[in-house]
Amino acid sequence: MPELPEVETVVRGLKAALPGRRILGVRLAKTDFIDDPAVLERDLPGTVIQQVRRHGKFIVLELGPARDGAEKLSLFVHLGMTGQLVVYPAEAPARPHTHVFLALDDGRELRYTDIRRFGRMCLMPRAEQASVLGDLGLDPLEATQQEFSAALHARKAHIKALLLDQRVLRGMGNIYTDESLWRARIHPRRLGANLTPKELRALYHAVQDVLNEAIRSRGSSISDYVDSAGEQGEFQLKHRAYDREGKKCFRCRTPIRRIIVAGRSSYFCPHCQPTPRRRKTRNSKRENRNSKHVSISRKR
């Protein structure tokens with residue numbers, strides 16, 4: 001699934017191609033991933049693309065009104081697992097599974113292709129953006145170290161689950177969570193509330209470094225991801241933990257392991273990222289005392 005670096009890469013490409021372009025027409029194929037297809041067909045033609053930005057894993061096109069007095073609109077696109085948003089010459093053959101064609105005033109088309117159609121597309125007045133984006137958490141590239149640490153340290157959940165929770169950090173996914181935890185030497189089953197200030201600081205810098213390096217490499221092309229020009233990314237060549245089960249750790253040569261955390265495969269180094277120690281509860285301490293008492297009695 002495209003994560004923050006992939007979406008950011010697509011957005012940066014679209015920023016160079018779309019602002020100022022007028023949408024002349026809309027052509028749709030399958031529409032089960034579109035909130036209201038009729039609204040797209042009715043309200044998109046005539047609008048001008050004023051801005052392209054990223055919010056978490058959403059691509060947001062801010063649109064100027066098609067006519068005087070009309071509302072400013074926002075087009076939201078979530079790529080799901082296999083979505084692609086690419087600008088093509090209008091005469092270019094359409095790829096299989098292309099479901100949305102937006103004709104632009106410069107002779108090109110913005111096309112949305114999605115094999116599995118797990119993405120989402122919706123058009124709404126700009127003033128109603130909170131209905132789509134309101135529950136999302138901090139952007140990991142914009143958050144300060146203090147905000148980042150406070151968001152994670154306040155929760156008694158596995159750190160892997162917290163990093164994946166879009167209500168905590170918007171945009172993080174499985175790949176960059178595993179890569180960040182490996183760099184910070186933190187086991188994915190550590191509890192956020194139990195991380196020390198030093199560990200939280202290390203994780204903050206690891207997340208920042210991994211995401212920025214991935215953006216510079218135009219993301220990770222594991223399956224279907226391509227950027228806005230249809231080109232693959234290269235960061236998959238720099239993965240140090242994700243999908244490397246059985247391969248030697250780049251730091252210590254210990255084989256990478258895979259476990260399930262928060263319902264997701266999690267790759268880590270058992271040497272560099274030691275398993276968290278279980279704290280003894282009062283009941284377990286009492287049981288230990290009782291077992292010692294029984295063993296002493298038997299000896300007598």
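Here are some notes:
- Per-region count, segment 214-264, residues touching a residue at least 24 places away in the same chain (Cβ under 8 Å), over 30 Å from K15 (Cβ atoms) and not in a loop (DSSP other than H, G, I, E, B): 3
- Selected residue (only one of A127, A94, A150, A90 is in the same structural domain as V226 (by TED's automatic domain parsing) and either out of contact with any Cys (no Cβ under 8 Å at 6 or more places or on another chain) or closer than 21 Å to E3 by Cβ (or both)): A150
- With respect to the conditions (1) surrounded by 18 or more Cβ atoms within 10 Å (Cβ to Cβ); (2) at pLDDT 95 or above, G233 falls short on a single one, namely (2).
- When P255 is tested against (1) under 15 Å from the mean Cα position of the chain (by Cα); (2) farther than 23 Å from E6 by Cβ, just one condition goes unmet, and that condition is (1).
- Taken together, D178, D209 contain a single residue that is modelled with pLDDT of 95 or more, of a type in the set (D, E) and surrounded by 22 or more Cβ atoms within 10 Å (Cβ to Cβ), which is D178.
- Filter result for R240 (closer than 30 Å to R53 by Cα, touching a helix residue (DSSP H, G or I) at 6+ places or on another chain (Cβ under 9 Å) and either surrounded by fewer than 21 Cβ atoms within 10 Å (Cβ to Cβ) or among the polar types (S, T, N, Q) (or both)): yes
- Check on R201, outside the structural domain of H78 (by TED's automatic domain parsing) and assigned to a loop (DSSP other than H, G, I, E, B): no
- Looking only at segment 92-116, and only at residues there that are out of contact with any His (no Cβ under 7 Å at 6 or more places or on another chain) and more than 22 Å from V48 (Cα to Cα), the one that is surrounded by the most Cβ atoms within 10 Å (Cβ to Cβ): T98
- Residues satisfying the stated conditions in segment 123-138, i.e. of a type outside the set (A, V, I, L, M, F, W, C) and surrounded by fewer than 17 Cβ atoms within 10 Å (Cβ to Cβ): P125, R126, E128, Q129, S131, G134, D135
- Looking across segment 201-234, just one residue is over 19 Å from I175 (Cα atoms) and of a type in the set (A, V, I, L, M), and that is A229.
- Of all residues making up segment 1-50, the number that are among the hydroxyl-bearing types (S, T, Y), out of contact with any Asp or Glu (no Cβ under 9 Å at 6 or more places or on another chain) and touching a residue at least 40 places away in the same chain (Cβ under 8 Å): 1
- Strands (runs of 3 or more DSSP E) wholly inside segment 26-138 that include at least 1 residues being out of contact with any helix residue (DSSP H, G or I) (no Cβ under 6 Å at 6 or more places or on another chain) and basic (K, R): 48-55, 108-114, 120-125
- Residues being among the aliphatic types (A, V, I, L, M), farther than 14 Å from C272 by Cα and either part of a helix (DSSP H, G or I) or touching a strand residue (DSSP E or B) at 6+ places or on another chain (Cβ under 8 Å) (or both) - total across segment 184-198: 2
- Residue check, T9 under 27 Å from Q232 (Cα atoms), among the hydroxyl-bearing types (S, T, Y) and at pLDDT 95 or above: yes
The values are calculated or read from the model by the stated rules, or taken from the named source; none is laboratory data. Being a predicted model, the structure only gives us computed values, none of them experimental. Cβ: placed from backbone, ideal geometry, glycine included. Neighbour counts: every protein chain shown.
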